[in-house]
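Chemist: The following block contains the structure, expressed as structure tokens.
The values are calculated or read from the model by the stated rules, or taken from the named source; none is laboratory data. Predicted, not measured: the structure shown is a model, and the values here were computed from it. Glycine also receives a Cβ, built like all others from the backbone with ideal geometry; neighbour counts cover every protein chain displayed.
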Amino acid sequence: MRHRLGFAGKKLLRMVLLLLGVSLAAFLLMSASPLDPLQTNVGQAALGSMSPEQVARLEEYWGVHTPPVQRYLGWLGDFLRGDMGTSLLYRAPVRQVLGERLANSLWLMVFAWIFSGILGLVLGVTAGANRGRLPDRIIRGCCLTISSTPAFWLALLLLVIFAVWLGVLPIGLSIPIGADAASVTLADRLRHAALPALTLSITGMANIALHTREKMADIMTSDYVLFARARGEPKGSIIWRHGLRNVALPALTLQFASISEIFGGSVLVEQVFSYPGLGQAAVTAGLGGDLPLLLGITVISAAIVFGGNLIADLLYGIVDPRIRRGVACT
Amino acid sequence: MEPILEVSRLSISFTQYDRGVHQRRLPVIRDLSLTIAPGQVAAVVGSSGSGKSLLAHAILGILPYNAHLEGQLRYRGAPLTPRRMEALRGHEIVLVPQNAGYLDPLMKVGPQIRKGRRDKAARSRSLGVLARYGLGPETEDLYPFELSGGMARRVLISTAVAESPRLVIADEPTPGLDARAAGRILGHFREIADGGAGVLLITHDLELALTIADRVAVFYAGETVEEAAAADFARLERLRHPYTRALWHALPQNGFQSIPGGQPYPGAQPPGCAFAPRCPDARPECGGAVPWRPFQGGMVRCLYPKGGTAV
């Protein structure tokens, strides 16, 4: 137990360093961006018609003349005190924007995460246990096709099929257009989240299925499966008793590592469906020069991804007897 | 007595892809013959890479899909068909593999011995066999990585004995053990044979095999070159094949001398006698067909055998 606490402590320290590095990198990239926030957000024509005083006030608002070091340190100081600043574009506290966006995205991501995990595992185990035979060839073919398909293209395809041709699902956004916020039902939200969630699930699933297939195929050619066959265990029992047991550990790692991919995928998918989630906010903030919002999103995303990997590492120590008991022995 | 297992003229080859799409047959075991009677320990002795383990897999019907089998296997008087293998393996015919790597690394020993059965009878049976090999009930709760080499071997034997088998195939059960532990493990196989089962002991260690075996089949480059009573190995003059004699000379108590050269790889065997290139007595005829034939109380694959029990 003490060992595990020490392990968690070390990981947390690493997380702090990581977040610092990620925020700095995002900041540097933003400073190096050739986009002028004034021109992007106000527009060339509007700028031309403004008085120099107005332009100067806008420049101050967007922090054009503040030295980068001062900007970053100012942001960092506030962040450490718990203040994430105010979004320049949404003119609301970053904390509040993040909260709303994250709530929207979490729907998608949690659904995609669970769905892709379960389906990926089932397909991967099926393919791996039947390597070289028809089920394997079908599953592998589909998964390879999906993983070589860009997520946004798949999103467009689903959009065309379900929203345009069949007309069964809405074409975008998270709630019906023009509806009063109070009259939006849970069913409305689910219907709007369905397509983006499905896209994310399918892309995530292919990856998990291919990796699981590889692991499962290795297990099926292992010495202990050979011995199980020699002992007359039927194939179903071998897959159930030995296959799933041994594929569980890599699957666990894969499942938590896939958080980052789902996060990354959500940026593209939300953009296609105009879904007001975290990913879309990240694109808007990046293109619009909204530094506090972008840094806020970056740090939160990195923390969630890191948290996922940390949970996987900790679970490994609990689930794998070789680690659990190995530590107890020493 | 009716033999438990008769292997006659068994050949195993693999289909391989060689240079692109060109298929070729790679012969690994050629023309192997062997008989095991109840209560007998028959040792198959050969150096690594001579195809010994495949013999075990062939009898159990667990060869890889690209393997090709010829010849005849008979179990208790009837042909051993794939369907029969499937029904018998793990029950009447059991395998004792080499090491703990053949146990599921994430499953405790107890459930592995019981093969997933959870009833009380299975539980008392697994405890019973463990106790028979000096392993306490706490062994059931250990994972394979927590077993020592000797314990792992005894657990593997327990998995076999828990089934009351008629034929036990032990595939290299002793490497990595010191001489005393190895002797004890082999003693367990002798006991199993004395209980009426047949034991096929596959090993590269002639010296250890001789301590428990009744019959010894010597394997060279995928072929049996000699089958003899274990007692024949007491005197050099009784051994029939030049390779067996070379093995005898390589034993520590007989001078520890090795002959130059190495065993040919599968697919690279010379025509005729595979041992001819290293044989001190080879003649031009050895490049032709060399039949497997009875000779002086044993079997030999040599045109000019020596010795035998008559000497």
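Chemist: Taking into account only those residues within segment A:196-224 that are surrounded by 24 or more Cβ atoms within 10 Å (Cβ to Cβ) and more than 16 Å from the chain's Cα centre (by Cα), which is farthest from the other protein chains (Cβ to nearest Cβ)?
Modeler: Per the stated criteria, the residue is A:Ala209.
Chemist: Something else about it: Which one of these does B:Ala276 not meet: (1) at pLDDT 85 or above; (2) crowded, with 18+ Cβ neighbours inside 10 Å; (3) under 22 Å from B:Leu34 (Cβ atoms)?
Modeler: That leaves (3) as the condition not met.
Chemist: Which of (1) over 27 Å from A:Ala248 (Cβ atoms); (2) touching a Cys at 6+ places or on another chain (Cβ under 8 Å) does A:Leu123 not meet, given it meets every other one?
Modeler: Going through the list (1) over 27 Å from A:Ala248 (Cβ atoms); (2) touching a Cys at 6+ places or on another chain (Cβ under 8 Å), A:Leu123 breaks only (1).
Chemist: Does A:Leu157 fit the bill of being surrounded by 14 or more Cβ atoms within 10 Å (Cβ to Cβ) and free of Cβ contacts under 8 Å to residues at least 40 places away in the same chain?
Modeler: On the way: surrounded by 14 or more Cβ atoms within 10 Å (Cβ to Cβ): no; free of Cβ contacts under 8 Å to residues at least 40 places away in the same chain: yes.
Considered against the rule, which asks whether it is surrounded by 14 or more Cβ atoms within 10 Å (Cβ to Cβ) and free of Cβ contacts under 8 Å to residues at least 40 places away in the same chain, A:Leu157 comes out as no.
Chemist: Is at least one residue of segment A:2-16 at negative phi, in contact with an Asp or Glu (Cβ under 8 Å, 6 or more places away or on another chain), of a type outside the set (Phe, Trp, Tyr) and modelled with pLDDT of 75 or more?
Modeler: Yes, that holds for at least one residue.
Chemist: Inspect all residues belonging to segment A:225-237 and state whether any of them is within 27 Å of the chain's Cα centre (by Cα), surrounded by 15 or more Cβ atoms within 10 Å (Cβ to Cβ), within 13 Å of another protein chain (Cβ to nearest Cβ) and among the β-branched types (Val, Ile, Thr).
Modeler: No - not one qualifying residue is present in segment A:225-237.
Chemist: Now a separate question. Which residue is farthest from A:Phe152 (Cα to Cα), if the candidates are limited to segment A:255-291 and must be among the hydrophobic types (A, V, I, L, M, F, W, C) and without any contact (Cβ under 8 Å) to a residue 60 or more places away in the chain?
Modeler: My answer is A:Phe256.
Chemist: I'd like the residue in segment B:77-97 that is surrounded by 17 or more Cβ atoms within 10 Å (Cβ to Cβ) and assigned to a loop (DSSP other than H, G, I, E, B) and, out of all such residues, is farthest from the other protein chains (Cβ to nearest Cβ).
Modeler: My answer is B:Leu80.
Chemist: For B:Ala246, indicate whether it is under 24 Å from the mean Cα position of the chain (by Cα) and either at pLDDT below 85 or assigned to a helix (DSSP H, G or I) (or both).
Modeler: yes
Chemist: Here's something else I'd like to know. When residues of segment A:307-327 are filtered for being in contact (Cβ under 8 Å) with a residue 24 or more places away in the chain and either under 19 Å from B:Lys108 (Cβ atoms) or within 12 Å of another protein chain (Cβ to nearest Cβ) (or both), how many remain?
Modeler: 5
Chemist: Considering segment B:55-70 alone, what residues qualify as being under 11 Å from B:Leu10 (Cβ atoms) and either of a type in the set (Lys, Arg) or within 12 Å of chain A (Cβ to nearest Cβ) (or both)?
Modeler: B:Ala58, B:Ile59
Chemist: Can I ask one more? Could you check, for segment A:241-251, whether at least one of its residues is part of a helix (DSSP H, G or I), charged (D, E, K, R), within 14 Å of chain B (Cβ to nearest Cβ) and more than 17 Å from the chain's Cα centre (by Cα)?
Modeler: yes
Chemist: Looking at segment A:59-112, which of its residues are without any contact (Cβ under 8 Å) to a residue 40 or more places away in the chain and either on the phi > 0 side of the Ramachandran plot or part of a loop (DSSP other than H, G, I, E, B) (or both)?
Modeler: Within segment A:59-112, A:Val64, A:His65, A:Thr66, A:Pro67, A:Arg81, A:Gly82, A:Asp83, A:Arg91, A:Ala92 meet the criteria.
Chemist: Could you tell me how many of the residues in segment B:283-301 are in contact (Cβ under 8 Å) with a residue 40 or more places away in the chain and in contact with a helix residue (DSSP H, G or I) (Cβ under 7 Å, 6 or more places away or on another chain)?
Modeler: Total satisfying the criteria: 1.
Chemist: Being away from chain A (no Cβ under 14 Å) and either surrounded by fewer than 13 Cβ atoms within 10 Å (Cβ to Cβ) or within 23 Å of B:His57 (Cα to Cα) (or both) is the filter here; which residues of segment B:115-148 pass it?
Modeler: Of everything in segment B:115-148, those that are away from chain A (no Cβ under 14 Å) and either surrounded by fewer than 13 Cβ atoms within 10 Å (Cβ to Cβ) or within 23 Å of B:His57 (Cα to Cα) (or both) turn out to be B:Asp119, B:Lys120, B:Ala121, B:Ser124, B:Gly128, B:Gly134, B:Gly136, B:Pro137.
Chemist: Answer with yes or no whether B:Gly39 is part of a loop (DSSP other than H, G, I, E, B) and more than 12 Å from every other protein chain (Cβ to nearest Cβ).
Modeler: Working: part of a loop (DSSP other than H, G, I, E, B): yes; more than 12 Å from every other protein chain (Cβ to nearest Cβ): yes.
Spelling it out, B:Gly39 is indeed part of a loop (DSSP other than H, G, I, E, B) and more than 12 Å from every other protein chain (Cβ to nearest Cβ).
Chemist: Report those helices (runs of 4 or more DSSP H) wholly inside segment B:128-218 carrying at least 3 residues which are of a type in the set (Val, Ile, Thr) and touching a residue at least 40 places away in the same chain (Cβ under 8 Å).
Modeler: Details: elements: B:149-161, B:179-194, B:206-212.
In segment B:128-218, the matching helices (runs of 4 or more DSSP H) lie at B:149-161.
Chemist: Okay, moving on. Could you count how many residues in segment A:276-294 are under 18 Å from A:Thr40 (Cβ atoms) and either within 14 Å of chain B (Cβ to nearest Cβ) or assigned to a helix (DSSP H, G or I) (or both)?
Modeler: Of the residues in segment A:276-294, the ones under 18 Å from A:Thr40 (Cβ atoms) are A:280-294.
The next check asks that each one be either within 14 Å of chain B (Cβ to nearest Cβ) or assigned to a helix (DSSP H, G or I) (or both); those that pass are A:280-288, A:291-294.
Final tally of qualifying residues: 13.
Chemist: Also: I'm checking my understanding of the structure. Among residues of segment A:240-254 that are out of contact with any Gly (no Cβ under 9 Å at 6 or more places or on another chain) and in contact (Cβ under 8 Å) with a residue 12 or more places away in the chain, which one is farthest from A:His192 (Cα to Cα)?
Modeler: A:His242
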